[in-house]
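S.K.: Attaching a single structure in structure tokens format; questions to follow.
Where a number appears in this text, it was derived from the coordinates with a stated rule and is not lab data. Computed from a prediction, not measured in an experiment: that's the story for all the values here. With ideal geometry, Cβ positions are generated from the backbone for all residues, glycine too; neighbour counts draw on all protein chains shown.
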Amino acid sequence: MVIMNNLDFKKIDEQFREIDVALKPDYVEIKIPNAEENLFNGIKYFTAERAKWLHEYEHVAEWLSDNNGRGLLLVGNCGLGKSLLCRKVIPMIINFYCRKIVRIFDATDLNKKSMTDKILSSHLTCIDDLGTENELNDFGNRRIVFCELADRAEKDGKMLLITTNLSEEELRQKYGERTIDRLHAITRKIVFRGDSLRR
């Protein structure tokens, strides 16, 4: 008669972590109290009397209330506050409530050799204006760092905050089906529609 013990996956995972092997991604959990109020206060801080509350911001506030370990993908029209939220307001909120630093990069930094290691090593990363980067690195070779970043984010639990004016189909053409599939798994996508607030 063979006696089988039940596997204690948590214990085994902890043993692997002791030898620096992470089998389970280290997701960043965000649960901000009064997320809608905090978000709008941040918007007002940066835009003063021009501050407006858009319907899409409600979805961002829901994400801030409980991100379920996922990042944020803000897509859509120009001038609706996507960059303001991801580059300024959300990093300040996360820093205050979670004591974590969001590293902020322009998409144009993605293929700069001097920036690649910083971008890939960051656990909380904002990539602003995805799709505007040059596909050639500093040496003229084609390298799509964003695909590597999305892959690492899925495997390691890195949190990405991403803004883009590209549609999902344009993102798919630029980065491929695998990367878009990963983005679906690791981020919450919010689509911004309407006219620019800059006018």
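S.K.: Report the extension gain between Ile101 and Lys31 in nm, rounded to one decimal, defined as 0.36 nm multiplied by the number of residues separating them, less their alpha carbon distance.
M.R.: Fully extending the segment from Ile101 to Lys31 adds 23.7 nm.
S.K.: Taking the Cα centre as origin and putting +1 on Lys and Arg beta-carbons and -1 on Asp and Glu beta-carbons, what dipole magnitude results for region 2-51, to the nearest 20 debye?
M.R.: 120 debye
S.K.: Just need the relative contact order of the chain here, percent rounded to a whole number, with Cα pairs under 8 Å and 6+ apart.
M.R.: After rounding, I find 28 percent.
S.K.: Give the residue from Ala35, Thr187, Leu149 lying farthest towards the positive end of the charge dipole for the chain; charges sit on Cβ (+1 for Lys and Arg, -1 for Asp and Glu) and the dipole is referred to the Cα centre.
M.R.: Final value for the positive-end residue is Ala35.
S.K.: Just to verify a number: FRET efficiency for Glu169 and Asn134, C-beta to C-beta distance, R0 = 35 Å, to 0.05?
M.R.: The computed FRET efficiency comes out at 0.95.
S.K.: Quick one: length gained pulling Lys118 to Asp195 fully straight, 0.36 nm per residue minus the C-alpha distance?
M.R.: Stretched fully, the Lys118-Asp195 segment lengthens by 24.2 nm.
S.K.: Now for a separate question. Give the percent of DSSP beta bridges with both residues in the chain that are antiparallel, rounded to the nearest 5.
M.R.: Of those bridges, close to 5 percent are antiparallel.
S.K.: Let me ask another. Given the options Arg178, Arg17, Arg143, which has the most mean-square fluctuation in a GNM of the chain, springs set between C-alpha atoms less than 10 angstrom apart?
M.R.: Highest fluctuation of the listed residues: Arg17.
S.K.: Another question, then. Hey, in the GNM for the chain with a 10 angstrom Cα cutoff, which one of Leu183, Leu110, Leu166 fluctuates hardest?
M.R.: Of the options given, Leu166 has the highest mean-square fluctuation.
S.K.: Top mean-square fluctuation among Glu14, Glu36, Glu170, Gaussian network model of the chain, C-alpha springs under 10 Å?
M.R.: Highest fluctuation of the listed residues: Glu14.
S.K.: At 25 °C and a viscosity of 0.890 mPa s, what translational diffusion coefficient does Stokes-Einstein give for the chain, taking Rh as the Kirkwood radius over Cα pairs? Give it in µm²/s as a whole number.
M.R.: It diffuses with D of about 135 µm²/s by this estimate.
S.K.: Using only the alpha-carbon atoms of region 12-117, report the extent along each of the three principal axes, biggest first, to the nearest angstrom.
M.R.: That gives 54, 36, 23 Å along the principal axes, largest extent first.
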